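Below is one structure, written out as structure tokens; the observations come after it.
The values are calculated or read from the model by the stated rules, or taken from the named source; none is laboratory data. Keep in mind it's a predicted model, so treat the numbers as computed, not measured. Cβ placement follows ideal geometry from the backbone for every residue including glycine, while neighbour counts extend to all protein chains displayed. Ligands, DNA and RNA are excluded from the accessible area calculation, which covers all protein heavy atoms including side chains. Shrake-Rupley method; radii C 1.70, N 1.55, O 1.52, S 1.80 Å.
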Amino acid sequence: MILYGVPLSPFVRKVLFTLYELELEFEQRFLVPGDTSADFRALSPLGRIPAFQDGEFGISDSSAICHYLLSRYPSELLDTANPESVARAVQWDKYADEDVAPVLLAPLIERLVKPVRFGTPADEAVVQKAMREQIPPVFDHLEERLQTLGGEWLMGPTFSYADIALGAHMSSFLLSSLELDAARWPALSGWVERLQKRTAFQRLCDDAQRFNPKAV
């Protein structure tokens with residue numbers, strides 16, 4: 001198995017999280033979006049990361065890759081034979097990609113991508129604006145949902161792919177060295193604390209922090 005992309009991307013980190021939780025062996029090829037390598041473009045014609053190859057099968061899009069892995073390697077992460085479980089996981093996956101990822105993008109670019117990839121300083125005004133205006137409404141919603149669910153994880157007492165999908169994007173918040181207000185978001189803070197204790201989550205954060213742009 002080959003994973004194309006760089007761990008600065010939360011979408012690449014989603015696939016890494018899944019691979020690490022499933023304890024699968026794979027090769028990672030560091031490519032940035034828009035790379036023109038023929039083998040990469042055969043998998044991702046638009047040049048988007050991540051892309052993935054497993055033998056004769058290849059595909060791009062983080063969600064598609066993760067669902068392929070979860071279907072091929074059955075585990076407690078997702079009951080692929082249960083339509084309701086799959087539907088809930090897809091719902092969380094879509095929410096994480098479309099609602100959580102965008103509000104965490106600016107801090108990630110300023111505090112991680114710029115310094116690591118381009119060697120330029122962060123624009124703290126951009127970071128603080130995101131913290132004041134964009135992030136709180138999303139975290140308020142997550143707090144409400146977690147309190148309503150009442151369990152340790154998004155789909156009950158057991159860690160699942162839903163936690164991977166959201167956790168990959170929440171890693172952007174942590175990698176941007178932002179602090180979560182536990183008084184305002186206690187349930188979300190507790191979930192993040194549990195997330196940080198997972199070895200797979202620690203590994204994907206380490207991958208992003210240790211990434212060497214010279215590898216590209």
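Observations, loosely collected:
- Over the chain, dividing the summed -39,500 (n - 2.57) contributions of all DSSP H runs of at least 4 residues by the number of residues returns a 222 nm mean residue ellipticity of -15500 deg cm²/dmol.
- In the stretch 103-187, the trypsin sites (Lys or Arg not before Pro) that fall in loop regions by DSSP, at most 15 other Cβ within 10 Å: R184
- Counting only heavy atoms of the protein chains and using a 1.4 Å probe, S37 has close to 40 Å² of accessible surface.
- Tensor-based shape of the stretch 127-216 (alpha-carbon gyration tensor, a/c under 1.5 rounded, otherwise prolate or oblate): oblate
- The residues H67, H141, H169, sorted by heavy-atom accessible surface at 1.4 Å with ligands and nucleic acids left out, run H141, H67, H169 from largest to smallest.
- Charge context of E76, other residues only, Cβ under 12 angstrom, K/R +1, D/E -1: -3
- Electrostatic tally near A89: other residues with Cβ closer than 10 Å to its Cβ, Lys and Arg +1, Asp and Glu -1, net -2.
- Remark: relative contact order (the chain) = 24 percent; criterion is Cα-Cα distance under 8 angstrom and separation of 6 or more residues.
- Potential lengthening between K197 and A42 on full extension [0.36 nm per residue; Cα-Cα distance subtracted]: 52.1 nm
- What separates the Cα centres of the stretch 1-56 and the stretch 135-176 is a distance of 24 Å.
- Exposure ranking of D39, D163 by accessible area [1.4 Å probe, largest first]: D39, D163
- Of K197, K114, K214, the order by accessible heavy-atom surface (1.4 Å probe, DNA, RNA and ligands excluded), from most exposed downward, is K214, K197, K114.
- Farthest positive-ward along the chain dipole, Cα basis, beta-carbon charges - from T148, G55, F211: F211
- Potential lengthening of the chain between I2 and H141 amounts to 46.5 nm, from the contour at 0.36 nm per residue minus the alpha-carbon distance.
- Prolate/oblate/rounded call for the stretch 1-128, Cα gyration tensor, a/c under 1.5 rounded: oblate
- Each peptide in 54-62, 89-97 was scored by the mean count of other Cβ atoms within 10 Å over its residues; highest first, the order is 89-97, 54-62.
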